[in-house]
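I have placed the structure first, in the form of structure tokens, so that the comments after it can refer back to it.
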Amino acid sequence: MSSFARSWWLLGVSTLAGALLFWCYGALPFMDLPAHAGLIALRHRFASSPFEQRYFIYDPHVGPYTVFRELGDLFTRFIGPVGAVRLLATLPVVATPAAIAFSRARLHGDRSPSIAFLSLCLCFNLMTLFGLASYLLGVAVMVVTLTAWLDLLADVDDGASSWKKELLVGALALVLFVTHGDAFVTFLALAGISALATGNRLARVFRARALVPAVLLAAHVAWIERASAVPLGSIRSMHDDVGVVFQGPLDKLSLLVTPTLMTRTGIDIAVGIAIWTMTTVGVVATARMIYRKNEPISDRTSIHVRALVACLAVTLVAFVVLPHAIRWFGFVDGRLVLVCALLGLLAVRKDALGAPWVQRFESWPPVLAFAMILLAHVASYRFQDEAKGYREVLAHVPANSRLLNLPLEPNSEIFAGHPFVHYDKLALAAEPLLVSDVWLHQGTALFARPENPALRLPQSYLEADLKRIDWPLYRLEDWDFILIRTKPASAEPTVPATLERVAHEGGWWLYRRS
């Protein structure tokens, strides 16, 4: 077997090992995945669940989360809702390296898997830990769509016929929109920047006509999903509306480590620093190369690199100026850090590097990928003890109950996030329940009826940041059971006398109204 074939074989094995992270362990450390499992189950049985129909209106339509919802429903038919979210989380781990490998082959003629290894490292990041699988899948689709767009623009500069590639770009843009809206908006910005960056700008901008169908669909969906619009019979929930939130300079700077941040060990941060260093050296060397007219680089390749470098520069500026949260949509600026990293990997020309750096680009990526995947598996194995007891405790919650979730200590001592926020949704995945925190907006296609007691929760109720429980603020008569999460070694939490303990295991405490 040649070294080239061996490298691709190793990438396949590494991708499989990374994908197994979502299948080998019972307790999931990925914050939103249990929530998605519960919501997928709720939507799947909604038509035959009078209990849940009493509290929710289900109003689905084509929009930015359609692919995620429909795939979740499809997978649930065969492997259940928890299996469905495991598979949905697996898709970006497979799709991202494949998209990067395809793009580099198309844009640079680079058929080595080394850069794909680096993109595989970036599949294990803070957003993966947050469970933002739909966005991560959207980013992979965005990479392919941007590649097709850059290929189209290069044909325009060459004076070649482009209508077939316009149709392809238009179709990919539609798929991207129904995969994830934020990834679609990011692509539109990158498409505009790349069109204006170089070449025959007027002709390139004119090819934006390929994006008209997707933009029209997005405009239609934006109108029907406008902030004041909710289905007849439902009430708009303001609980998740945090307005516009900006972070300070240090918090903003800390986001630069998030493309590989998962654990509290620091090893993944070191991997991220290595990737940023290699990417920065590669982009700087490539930029110097294309601006030296006597360098041996084709016009077509130069066009691609100039467009990608311009996209990277503007995206970095957008990262600096954008807020951290807009209404219910969070981690706005943090999402762009991953996009910047991938744009940098797409822009690098290995022939612009000196021999030592070329060797590093070929030899280090598999080692970094192996380190990230091994670290994630070891952390997940240790996490099982930290999560112990949730199955036994949740088994005491009967169907058609109202469950108030109060995760006092949702953080992990192993992983960098707060994975225990939505474990109550695992009970929702098993049977009809009313849980206290359901995302009520167009993304889930679920809206609250006036009878839903979640509308009457105090504004201080934030599952991911519940610093203390102000019991007088809660209408406990609205709930049948109360689930409290603490650290396993913590003492029993203080509760009102009207609550009696039903079960306790590890850091899980279940109470009911006496």
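The values are calculated or read from the model by the stated rules, or taken from the named source; none is laboratory data. Source: prediction; values computed, not measured. Cβ sites come from the backbone with ideal geometry, for glycine too, and all protein chains shown count toward neighbours.
Could you tell me whether any residue of region 342-357 is among the basic types (K, R), surrounded by fewer than 19 Cβ atoms within 10 Å (Cβ to Cβ), within 25 Å of G443 (Cβ to Cβ) and touching a residue at least 60 places away in the same chain (Cβ under 8 Å)?
Our first condition is that a residue be among the basic types (K, R); within region 342-357, this holds for 349-350.
From what's left, surrounded by fewer than 19 Cβ atoms within 10 Å (Cβ to Cβ): 350.
Imposing the further condition that a residue be within 25 Å of G443 (Cβ to Cβ) reduces the set to none.
No: region 342-357 contains no residue that is among the basic types (K, R), surrounded by fewer than 19 Cβ atoms within 10 Å (Cβ to Cβ), within 25 Å of G443 (Cβ to Cβ) and touching a residue at least 60 places away in the same chain (Cβ under 8 Å).
If you go through region 489-497 one residue at a time, do you hit one that is touching a residue at least 24 places away in the same chain (Cβ under 8 Å) and either polar (S, T, N, Q) or within 30 Å of I224 (Cα to Cα) (or both)?
Taking region 489-497 and keeping what is touching a residue at least 24 places away in the same chain (Cβ under 8 Å), we get 490, 493, 495-496.
Checking the rest, the ones that are also either polar (S, T, N, Q) or within 30 Å of I224 (Cα to Cα) (or both) come to 490.
There is at least one residue in region 489-497 that is touching a residue at least 24 places away in the same chain (Cβ under 8 Å) and either polar (S, T, N, Q) or within 30 Å of I224 (Cα to Cα) (or both).
So that you can scan it fast, the table gives a plain yes or no per residue for (1) touching a residue at least 40 places away in the same chain (Cβ under 8 Å); (2) over 18 Å from L136 (Cβ atoms); (3) in contact with a helix residue (DSSP H, G or I) (Cβ under 8 Å, 6 or more places away or on another chain):
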| residue | (1), (2), (3) |
| --- | --- |
| L146 | yes, no, yes |
| V156 | yes, yes, yes |
| G159 | no, yes, no |
| E166 | yes, yes, yes |
| G170 | yes, yes, yes |
| A183 | yes, no, yes |
| T186 | yes, no, yes |
| A195 | yes, yes, yes |
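Criterion first (surrounded by fewer than 14 Cβ atoms within 10 Å (Cβ to Cβ), of a type outside the set (S, T, Y), closer than 30 Å to R327 by Cβ and not assigned by TED's automatic domain parsing to the domain that holds H418) does P259 satisfy it? Step through it out loud before you land on a result.
Values: surrounded by fewer than 14 Cβ atoms within 10 Å (Cβ to Cβ): no; of a type outside the set (S, T, Y): yes; closer than 30 Å to R327 by Cβ: yes; not assigned by TED's automatic domain parsing to the domain that holds H418: yes.
Here the answer is no, as P259 does not meet what is asked.
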### Query
Among the residues of region 320-331 satisfying the criterion of being in contact (Cβ under 8 Å) with a residue 60 or more places away in the chain and either buried (at least 21 other Cβ atoms within 10 Å of the Cβ) or hydrophobic (A, V, I, L, M, F, W, C) (or both), which is nearest to M127 (Cα to Cα)?
F331
### Query
Which one of the conditions (1) under 20 Å from M127 (Cβ atoms); (2) touching a Pro at 6+ places or on another chain (Cβ under 7 Å) does D59 fail to meet, given that it meets all the rest?
(1)
### Task
Of the conditions (1) outside any loop (DSSP other than H, G, I, E, B); (2) touching an Asp or Glu at 6+ places or on another chain (Cβ under 8 Å); (3) more than 14 Å from L256 (Cα to Cα), F319 clears all except one; give me its number.
(3)
### Summary
Of all helices (runs of 4 or more DSSP H) fully inside region 70-163, the set with 2 or more residues that are more than 14 Å from the chain's Cα centre (by Cα), outside the structural domain of F361 (by TED's automatic domain parsing) and not polar (S, T, N, Q) is none
### Message
Return the residues of region 1-26 that are in contact (Cβ under 8 Å) with a residue 12 or more places away in the chain and of a type in the set (S, T, Y); say none if nothing qualifies.
### Response
S7, S14, T15, Y25
### Task
Take the residues in region 33-61 that are at pLDDT 95 or above and assigned to a loop (DSSP other than H, G, I, E, B), then tell me which one is farthest from Y390 (Cα to Cα).
R54
### Task
Scan (1) crowded, with 21+ Cβ neighbours inside 10 Å; (2) within 11 Å of L403 (Cα to Cα); (3) in contact with a helix residue (DSSP H, G or I) (Cβ under 8 Å, 6 or more places away or on another chain) for the single condition Y511 breaks and write down its number.
(3)
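Listed here are the residues, each with its yes/no results for (1) part of a loop (DSSP other than H, G, I, E, B); (2) closer than 16 Å to L42 by Cβ; (3) touching a Gly at 6+ places or on another chain (Cβ under 9 Å).
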site	(1), (2), (3)
D385	no, no, yes
F420	yes, no, yes
P458	yes, no, no
Y461	yes, no, no
